[in-house]
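Here the structure comes first, spelled out in structure tokens, and everything after it is commentary.
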Amino acid sequence: MHSTLSFSQATTVPTTNYAFHSQSPINLRFCGLRREAFGISILTRSSSGRVRLSTRGRSKRTSASTGNNGTPPKSFDYDLIIIGAGVGGHGAALHAVEKGLKTAIIEGDVVGGTCVNRGCVPSKALLAVSGRMRELQSEHHMKALGLQVSAAGYDRQGVADHANNLASKIRSNLTNSMKALGVDILTGFGTIVGPQKVKYGKVGFTDNVVTAKDIIIATGSVPFVPKGIEVDGKTVITSDHALKLEFVPDWIAIVGSGYIGLEFSDVYTALGSEVTFIEALDQLMPGFDPEISKLAQRVLINPRKIDYHTGVFATKITPARDGKPVIVELTDAKTKEHKDTLEVDAALIATGRAPFTYGLGLENINVVTQRGFVPVDERMRVIDANGNLVPHLYCIGDANGKMMLAHAASAQGISVVKQVTGRDHVLNHLSVPAACFTHPEISMVGLTEPQAREKAEKEGFEISVAKTSFKANTKALAENEGEGLAKLIYRPDNGEILGVHIFGLHAADLIHEASNAVALGTRIQDIRFAVHAHPTLSEVLDELFKSAKVKAPASTSSPISEPVAA
């Protein structure tokens, strides 16, 4: 939600000499676009203690504007102004009102942002349809359950309406929730004109200027389209267009095999399309744990009407016109030589997302974006071109690039509100889960096995891996859905959970026991005593934690370790 929506290795630098004296590292860990895709900078520290940003192709520095725009106002219209009413901005606004802050949110498009209108929400509606279609179409699965079903069919417009109606409903719910709590919704495009000062308005109308003690940038992202690809919104499309489901092509090429590409392959193949993946790296699903990727390919790719090309770039894609099909030209990623040409009915560009930060007026406060991303520290505080913190300015969500997930944006927004109301807080991004809603689902939290091994080698500790199969779970077998694996990566010396990866039925729901354990710092030797209802899928995690070999004893203060009556 990179060329694939993938996790890249965390890049950190110590911050003990910064003016804000944080002991936590600056985290540039991405879920979404890899740093290399946009030439994202590395934060370094000069001898003076300032944060410096370096990147290939860095744009020219712009000095802060002078005059009235450079002077903070003495009184404010609001305690907090949020630019962008997506999931991140909405979460921050609700928490701010709960804490007693007079809050306004500026939105130039529609409330709900990408997630609600062009992302998570409508895509889950389409995936709900694809899941049911897939089940009804599986004669083997139905027969195993003793069911007889006639040929399953679908109404394309009805499916599209389901997705659109869900988005409308959630958008209305978000709008009403903010209005009910007294959040002022200001319509227009927001631009920072100086310290603690924002203007907003619609094109062709007079701008309004408002002030706030604190400002949060939450403008999100847009689909990233590589050079050479011509998007016409009909036969060459992004996820924005695909969610409208205006037609179901017989053959569609999907560029990128990350979260977005995988989910749409699930939808299109369930509705009858043939799919061809085009992946720049040498393997499909490069952002996932390699063992999970291998199993997922065996279940989600190989048995379906899907073929793929890896290690190639789609260097040119021409939409269908004049009776000709969509033309996709493939170039070898290593040699840069022409490799193949595909003729397909449609092409979906699923190469990740780019930050939507153009026109924010960041030059007015001497902030230089790094390939579009707003530079921030681990507390989401914006950093200017000189490496200094910009007072009272924060950036959350896709616009800062730390972790391009809707729920990560919301968590970052809540973290910022905690800070501006007097409680220091740093979000642990390694505790934020991610999920891919294919059938079956994929979910994860923390590090992949290669990332964990690299960390262990650098820091001098050992790691171990535990696994359990869905084939041993009663509930999964009752559903005739025994295909799946849960994997735990941990430290055997102290029981620290480094990563958990799940592929199987309802994996997206199961991951939260693990992510909450990581967030709370719960060790395996303590959580293994938790009781799980039988028979439930949650027992997959129960068995996973119990199978881990931890040398450290259980904590005597563990709330779930209770004495047993004699």
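The values are calculated or read from the model by the stated rules, or taken from the named source; none is laboratory data. Owing to the predicted nature of the structure, the values given are computational and were not obtained by experimental measurement. Because the Cβ atoms are built from the backbone with ideal geometry, glycine has one as well, and the counts that use them run over all protein chains shown. Side chains are part of the model used for accessible areas, which takes the heavy atoms of the whole protein and leaves out ligands, DNA and RNA. Shrake-Rupley method; radii C 1.70, N 1.55, O 1.52, S 1.80 Å.
A few remarks follow.
- Selection from P319, T369, L127, by position along the positive dipole direction of the chain (Cβ): T369
- Applied to region 185-196, the Karplus parametrisation 6.51 cos²θ - 1.76 cosθ + 1.60 on θ = phi - 60° returns per-residue 3J(HN,Hα) values of 9, 9, 8, x, 8, x, 9, 7, 9, x, x, 6 Hz, with x for Gly and Pro.
- Dipole moment magnitude, nearest 20 debye, region 98-159 about Cα centre, only Lys, Arg, Asp, Glu C-beta charged: 100 debye
- Amide H within-cut-off set for I106, under 5 Å, with H built and near neighbours excluded: I82, I83, G84, L186
- Binning the C-alpha pair distances of region 165-212 at 10 Å intervals from 0 yields a P(r) profile of 24, 34, 34, 8, 0 %, listed from the shortest bin outward.
- For the chain, calculated [θ]222 nm from helices alone, where every DSSP H run of n ≥ 4 adds -39500 (n - 2.57): -8000 deg cm²/dmol
- Counting Lys and Arg as +1 and Asp and Glu as -1 over every other residue whose Cβ lies under 15 Å from the Cβ of E539, the net charge comes to -1.
- Each pair of Cα atoms in region 163-279 enters the Kirkwood radius, and Stokes-Einstein at 20 °C and 1.002 mPa s then converts it into a translational diffusion coefficient of 119 µm²/s.
- Kirkwood analysis of region 343-400, using all unique Cα-Cα pairs, places the hydrodynamic radius at 12.8 Å.
- Between G261, V222, I396, the Cα set farthest toward the positive side of the dipole of the chain (charges on each charged residue's Cβ, about the Cα centre) is that of I396.
- Relative contact order for region 65-197: 38 percent, from Cα pairs under 8 Å spaced at least 6 residues apart, divided by residue count.
- Prolate/oblate/rounded label for region 361-491 (Cα gyration tensor, a/c 1.5): prolate
- Rounded, prolate or oblate (a/c below 1.5 giving rounded, otherwise prolate when a/b exceeds b/c) for region 224-318 by Cα gyration tensor: oblate
- For region 99-116, Karplus couplings with θ = phi - 60° (6.51, -1.76, 1.60), whole Hz, Gly/Pro x: 8, x, 8, 6, 10, 10, 10, 9, 9, x, 10, 10, 4, x, x, 4, 4, 6
- Taking Lys and Arg as +1 and Asp and Glu as -1, the other residues whose beta-carbon sits under 12 Å from that of W251 total -4.
- Accessible surface of I106, taken over heavy atoms with a 1.4 Å probe and every protein chain present, rounds to 0 Å².
- Accessible heavy-atom area order of S469, S410, highest first, probe of 1.4 Å: S469, S410
- Magnitude of the charge dipole for region 292-438, about its Cα centre and with charges confined to Cβ atoms of Lys, Arg (+1) and Asp, Glu (-1), is about 400 debye.
- Amide H contacts under 5 Å for L498: I489, Y490, R491, restricted to partners 5 or more places along the chain or on a different chain, H placed in the peptide plane at 1.01 Å from N.
- Of the whole protein surface, L284 contributes about 10 Å² of accessible area at a 1.4 Å probe radius.
- Rg and Dmax [Cα atoms of region 222-261; Å; Rg one decimal, Dmax integer]: 10.2, 27
- Rg to Rh, two decimals, where region 262-385 supplies the alpha carbon set and Rh follows Kirkwood: 1.09
- DSSP beta bridges in region 250-386 [antiparallel fraction, %, rounded to 5]: 50 percent
- Taking all Cα-Cα distances within region 392-440, those exceeding 18 Å account for 34%.
- Pairs beyond 18 Å (Cα-Cα), from K99/K179; K102/K418; K227/K336; K458/K546: K458/K546
- Area accessible to solvent at E378, 1.4 Å probe radius, in Å²: 10 Å²
- Computed from the alpha carbon positions, the gyration tensor of region 430-547 leads to an equivalent ellipsoid with semi-axes of 24, 15, 12 Å, biggest first.
- Looking at the chain, the DSSP beta bridges with both ends there are about 60 percent antiparallel.
- Length released on extending from T341 to A128, taking residue separation times 0.36 nm less the Cα-Cα span: 73.3 nm
- Only one residue of T438, L541, F529 has its Cα farthest out toward the positive end of the dipole of region 430-547, where Lys and Arg carry +1 and Asp and Glu -1 on Cβ, and that residue is F529.
- For region 69-164, Kirkwood radius (reciprocal of mean inverse C-alpha pair distance, Å): 17.3 Å
- The ratio of the alpha-carbon radius of gyration of region 116-227 to the globular-protein estimate 2.2 N^0.38 Å is 1.69.
- Greater than 22 Å apart at Cα, pairs in K169/K244; K402/K455; K471/K551; K244/K316: K471/K551; K244/K316
- Geometric descriptor of the chain, per residue, is 186 Å³ (volume of the convex hull of the Cα atoms).
- Spacing of the modelled spin labels on N165 and E457, each 7 Å from Cα toward Cβ, amounts to 5.4 nm.
- Residue ranges 120-132, 291-303 sort as 120-132, 291-303 when ordered by packing (mean number of other C-beta atoms within 10 Å per residue, highest first).
- For region 271-279, 3J(HN,Hα) per residue [Karplus equation, 6.51 cos²θ - 1.76 cosθ + 1.60, θ = phi - 60°, Hz, x = Gly/Pro]: 8, x, 7, 9, 10, 10, 7, 10, 10
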